Amino acid sequence: MSSTTKTIMITGGAGFIGSHVVRLFVRTYPHYHIVNLDALTYAGNLENLRDIESAPNYTFEKGDIMDEKAIHALFEKYQFDAVIHLAAESHVDRSILDPLAFVRTNVLGTASLLNVCRNNWKDHMEGKLFYHVSTDEVYGSLGEVGFFTEETPYDPRSPYSASKASSDHFVMAYFHTYHLPVVMSNCSNNYGSHHFPEKLIPLMINNIKNNQPLPVYGKGANVRDWLWVEDHARAIDTIFHKGKVGDKYNVGGFNEWKNMDIVHLLCRIMDKKLGRPEGESAKLITFVKDRPGHDLRYAIDATKLNRELGWKPSLQFEEGLEKTVDWYLQNEDWVRDVTSGNYQKYYDEQYVKR
Ligand code: NAD
Ligand code: TYD
């Protein structure tokens, strides 16, 4: 697939993971035309893509995946060969406050996008691909031992994971019922640059820097399996080009950490970088009320992706975390714009007023 010309729609390309995927594809495949379709919700930030926005093989289209008519018009305009679907509501805490927003975007939005693909590709499915990017959270919560494999039954427990699980089922339903060529991956927690500071790692970095309390839910004993976002983008590239149609792949770093241990590690890294006495930042740790239905542990078995397609993570967590802290310290403007809401003016300045 990689040596031929392709026109690919990447949805959610202005978000955290999507921007890394867009950048990787735009740079690696100059003969592909990458169209980034994003509604620019609070999580979409075109500043994430400043470095590639003038690339000749990149186009931004503002739009909502739920708007079937508008997406259909884009299919007519660009004649897409493939869709890489990342657009979603992605934050568990927000899903607890407003579950229906997650049903709308993640379930209805995905089903709507699948429908547009089916209608546009139905007479020539050959060579087309709908790649659905999903999460390990659909598998539910593990106890102290064990891993999620591709065969683990779905057992979502938050409105976020329930909506993602539902979207995964629609993807497979379109494969079985309409023979839509699909592939899917379920990835563990990502970290890295351009991560919206509502999620654990960027929130802690920002609060440590500003001497704000570090809110640890419950006892901080929950475990997540962390993967550097650029390794996830590479996995998506690998699966997009080499994955088997109709199949799914788990993506993870074999890298489990208790929340408390991450927060302590970040405090130690940042004490050094900010020239604070050792132990100073850890004084900011504050235990707060636990998240309702808080999943205890996620851990991905990514053996299949390694064995069948040869992908493996490139970075050790400690190294990746240092790189991430450095990025946040060196990109104060990005953090300031995100926390002040200024970044939402960027679209108007860049795309509307010109
Ligand atoms: P994000 O919240 O940072 O970005 C989501 C993007 O989707 C934003 O740019 C937003 O504007 C856009 N969007 C939201 N609703 C839309 C709509 N209705 N129409 C068009 N665009 C819309 O999310 P992320 O963390 O980058 O996650 C991307 C995908 O990867 C999601 O599908 C998520 O479920 C999945 N995932 C995330 C993680 C993680 O650790 N963040 C792990 C595994 C899988
Ligand atoms: P998060 O980054 O929201 O990802 P997810 O819930 O999708 O795994 O949270 C990661 C873990 O950190 C999760 O166990 C909840 C916990 N957490 C805190 O303890 N404090 C916080 O302020 C946040 C945002 C998360």
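See the values below:
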{"read-out": "The stretch 157-306: projected area of the alpha-carbon convex hull, averaged over directions, in nm²", "value": "10.1 nm²"}
{"read-out": "Protection-proxy order for peptides 329-337, 87-95, each taking the mean of Cβ atoms within 10 Å per residue, highest first", "value": "87-95, 329-337"}
{"read-out": "Within the stretch 1-73: Cβ-based charge dipole about Cα centre, in debye rounded to nearest 20 (Lys, Arg +1; Asp, Glu -1)", "value": "260 debye"}
{"read-out": "Segment Glu318-Gln79, extension gain: residue separation times 0.36 nm, minus the distance between their alpha carbons", "value": "81.7 nm"}
{"read-out": "Modelled FRET efficiency - R0 51 Å, Tyr351 with Arg276, Cβ distances, 0.05 increments", "value": "0.80"}
{"read-out": "Separation between Cα centres of the stretch 42-93 and the stretch 167-216, rounded to whole Å", "value": "17 Å"}
{"read-out": "Acute angle (nearest 10 degrees) that the helix 110-121 long axis makes with the longest principal axis of the chain, alpha-carbon atoms", "value": "30 degrees"}
{"read-out": "Nearest-ten-degree value, helix 200-209 long axis tilted from longest Cα axis of the chain", "value": "40 degrees"}
{"read-out": "FRET efficiency, His31 to Arg268 (Cβ-Cβ, R0 51 Å, nearest 0.05)", "value": "0.65"}
{"read-out": "Label-to-label distance, nm, for residues given as His176 and Glu126 (7 Å Cα→Cβ offset)", "value": "2.8 nm"}
{"read-out": "Net lengthening on full extension, Leu100/Glu308 (0.36 nm per residue, minus Cα-Cα)", "value": "71.1 nm"}
{"read-out": "Simple spin-label estimate for Asp247 and Arg291 in nanometres, 7 Å along Cα-Cβ", "value": "3.1 nm"}
{"read-out": "The stretch 1-59 - convex hull of alpha carbons, volume per residue in Å³", "value": "66 Å³"}
{"read-out": "Cα gyration tensor shape for the stretch 46-129, rounded if a/c is under 1.5, else prolate or oblate", "value": "oblate"}
{"read-out": "Cα-based helix-to-principal-axis angle, 159-178 vs the chain, degrees rounded to 10", "value": "20 degrees"}
{"read-out": "Helical mean residue ellipticity (222 nm; -39500 (n - 2.57) per DSSP H run of 4+; nearest 500) of the chain", "value": "-11500 deg cm²/dmol"}
{"read-out": "Distribution of pairwise C-alpha distances over the chain, 20 Å bins, in %", "value": "30, 60, 10, 0"}
{"read-out": "Theoretical gain in end-to-end length, Tyr217 to Lys283 [0.36 nm per residue, Cα-Cα removed]", "value": "22.2 nm"}
{"read-out": "DSSP-assigned coil residues among GluC sites (Glu not before Pro) in the stretch 223-316, each with at most 16 further Cβ atoms within 10 Å", "value": "Glu278, Glu280"}
{"read-out": "Average silhouette area of the stretch 217-354, convex hull of alpha-carbon atoms, in square nanometres", "value": "12.3 nm²"}
{"read-out": "Volume in Å³ per residue [convex hull over Cα atoms, computed for the stretch 202-260]", "value": "108 Å³"}
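Every read-out reported here was derived from the displayed coordinates using simple, explicitly stated rules and does not represent laboratory data. Here the structure is a predicted model, which is why all the values come from computation and not from measurement. Glycine gets a Cβ as well: all are built from the backbone with ideal geometry, and neighbour counts include every protein chain shown.
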